[in-house]
Structure formats: C-alpha cells, structure tokens
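Trainee: Could you have a look at this structure, given as structure tokens, before my questions?
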Amino acid sequence: MKLKKLYVVDPPLIFRAVLRVFSVFMKQKIIDRLRTVTADEMAAGDVLPLEQVPTALGGNLAEDFIATRARRLKRQDASISELGALVPIPGV
C-alpha cells in the first residue's frame, strides 16, 4: 500500500520550522504528500470528508484506533510466538 497523503494535525512550531528547512532537500513529490493542517480545518471538512476524520478531531469516523492497534499487536505477538515454537532459539 502506498501513502498518498499525510496530514499532520496541529504540529508544534518546531515541526513546521524543521519541515521548512528539510523541504529544500526533499523531492517535490514527497513535499506534495505531506500537509500540516489545524484541527479546525479537519473539523470543518475542508481537508477530508467528515466520514474520514476521527471523532476526536470533529469528524464522523468512530473507529477506535488504540483498540485496533492493540488487536494488531496481539496478533503479531501470537505470530511471533508460533514462529518461536517452530524454530528453537539456542540458549533460551
């Protein structure tokens, strides 16, 4: 899967300053994919449709990202455990 666009919501001032400095060395294609926005812009639906904006930022997307990430990590840990059972690790 290819990243088409990355929105950084309410970044600190230092992030914007560093981004401005490093953008001189970045390809235009990468610069075009990275955008800093305010939470108000996200909530107003100016950046993305509200169905794609999390409720924490004023949108309608009710997905719980923390729970989703926890489930993915649990599955990953289970896969690693299964691999460890198949491949003995010396000294363990």
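No value in this document is a laboratory result; all are computed from the given coordinates. Quick caveat, the model's predicted, so the values are computed rather than measured. Every residue, glycine as well, gets a Cβ built from its backbone with ideal geometry; the counts of neighbours run over all protein chains shown.
Trainee: Using 1/(1 + (r/R0)^6) with R0 = 30 angstrom and r between the beta carbons of R35 and A78, what's the FRET efficiency to the nearest 0.05?
Mentor: Working from the Cβ atoms, E equals 0.25.
Trainee: Out of G59, V18, Y7, whose Cα points farthest toward the positive end of the dipole of segment 1-66 (charges: +1 Lys, Arg; -1 Asp, Glu; placed on Cβ)?
Mentor: Farthest along the dipole direction, towards plus: V18.
Trainee: Quick one: Kirkwood hydrodynamic radius for segment 25-64, alpha-carbon pairs, angstrom, one decimal?
Mentor: One over the average 1/r among Cα pairs gives 11.1 Å for segment 25-64.
Trainee: Nearest 0.05, what FRET efficiency do M26 and D46 give at R0 = 25 Å with Cβ-Cβ as r?
Mentor: 0.55
Trainee: What does the highest-first list of 14-27, 42-55 look like by mean Cβ count within 10 Å?
Mentor: The peptides rank, most packed first, as 42-55, 14-27.
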